[in-house]
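Chemist: Below is one structure. I have some questions about it.
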Amino acid sequence: MKRKGAFLLLMMMITVLLSSCWSKKELTDLAFVSAMGVDKTKGGSYHLTLQIINPGNVAGGIQGGGGAQSPPVTIYSASGDNIVEASRRASSRISRRLYYAHANLIVIGERMAREDGVNPLMDALDRDPEFRNTSTMVIANHSTAADLVKALTPVDKIPANKVMKTLEFTQRKWGETVKVSLQDVMNGLQSPGGEAVVSGFRLVGNPQKAQKLDNLQESAPAATLRASGLAVLRKGKLIDWLYGGTARGTVWILDEIQGTDINIDWDGKKEGSYCLSNRTSKNKCICPSEEWSTSYFRSCAC
């Protein structure tokens, strides 16, 4: 009797240990989304632009079969009354399942950020179990999210990586930008004042040229992506842009400064500079003013 009980227990353990992969996903059935852009159309619908990685082209350069050139990413887009509908419609244009777990970059068009704000997008992404809140978020500066997502970039084969690296190294060396994630933005919007700052990116040059491989064959590309300013969000909506010293001062007050230079006047000439790194501010609390001035932020004691 004891042997039968032990045998039954052993069989139950084997059944659990040898269970199949019920949630498996074949790599050949997945379309890896590296970046997602969201715009607001004139008709009021949401326009979704997806940057899909071509694994073979990334690993083997930009040479495709038969010696023909092909880009490392492919763009798919669709529109809908909400983000979920737009994503579902985009899936009908590709032979693989859209996989958002590797989406490292979210680009929001300036029109959408000003009119509707980022709250609808935040709500949709936060409810999606596949999407990561650690993804980097930027706002298109005087451009559309579609133009930024479609642009090809030199050096970094995947354009989404170029944007994230630019933000990271610019924050380290100059301090006028800050790399923020979806979680950082959500925390800022849920704070008592409901404010957040997000780095801006813009397309410099012709958007049509930026989408072609010929643009990458030049030593000085005619169209490229560039970090540009800080977007100030209040209650989820874009209210203005910060540039230059104002943007750098804002990053400093927020204790996000990692490195910058301060010029020194010597005999009327700015020939010297201080190289600063990892500086902190004494007043770490940022309070919104009733009427926003050109500085947008004022420090206060906590």
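The values are calculated or read from the model by the stated rules, or taken from the named source; none is laboratory data. Everything numeric here is computed off the predicted structure, so don't read it as measured data. Note: ideal-geometry Cβ built from the backbone for every residue, glycine included; neighbour counts use all protein chains shown.
Chemist: Looking at (1) in contact with a Lys or Arg (Cβ under 7 Å, 6 or more places away or on another chain); (2) surrounded by 20 or more Cβ atoms within 10 Å (Cβ to Cβ); (3) charged (D, E, K, R), which is the one condition that is false for Lys150?
Modeler: If we test Lys150 against (1) in contact with a Lys or Arg (Cβ under 7 Å, 6 or more places away or on another chain); (2) surrounded by 20 or more Cβ atoms within 10 Å (Cβ to Cβ); (3) charged (D, E, K, R), just (1) comes out false.
Chemist: Could you check region 88-99 and list, in sequence order, the residues that are surrounded by fewer than 19 Cβ atoms within 10 Å (Cβ to Cβ) and within 20 Å of the chain's Cα centre (by Cα)? Walk me through how you get there before you give the answer.
Modeler: Step one: of region 88-99, the residues surrounded by fewer than 19 Cβ atoms within 10 Å (Cβ to Cβ) are 88-89, 91-97, 99.
Once the filter is applied, which keeps residues that are surrounded by fewer than 19 Cβ atoms within 10 Å (Cβ to Cβ) and within 20 Å of the chain's Cα centre (by Cα), region 88-99 yields only Tyr99.
Chemist: Let me ask you something else. Can you name the residue in region 114-131 that is touching a Leu at 6+ places or on another chain (Cβ under 8 Å) and within 15 Å of Met36 (Cβ to Cβ) and, of all such residues, is surrounded by the fewest Cβ atoms within 10 Å (Cβ to Cβ)?
Modeler: Filtering region 114-131 for residues that are touching a Leu at 6+ places or on another chain (Cβ under 8 Å) and within 15 Å of Met36 (Cβ to Cβ), the one surrounded by the fewest Cβ atoms within 10 Å (Cβ to Cβ) comes out as Asp126.
Chemist: Look through region 64-94, keep the residues that are out of contact with any helix residue (DSSP H, G or I) (no Cβ under 8 Å at 6 or more places or on another chain), outside any helix (DSSP H, G or I) and more than 19 Å from Leu30 (Cβ to Cβ), and return whichever of them is modelled with the highest pLDDT.
Modeler: Among residues in region 64-94 that are out of contact with any helix residue (DSSP H, G or I) (no Cβ under 8 Å at 6 or more places or on another chain), outside any helix (DSSP H, G or I) and more than 19 Å from Leu30 (Cβ to Cβ), the one modelled with the highest pLDDT is Asp81.
Chemist: Something else: Out of the residues in region 250-289 that are closer than 15 Å to Val178 by Cβ, at pLDDT 70 or above and out of contact with any Gly (no Cβ under 9 Å at 6 or more places or on another chain), which is surrounded by the most Cβ atoms within 10 Å (Cβ to Cβ)?
Modeler: Of everything passing the filter in region 250-289, Thr250 is surrounded by the most Cβ atoms within 10 Å (Cβ to Cβ).
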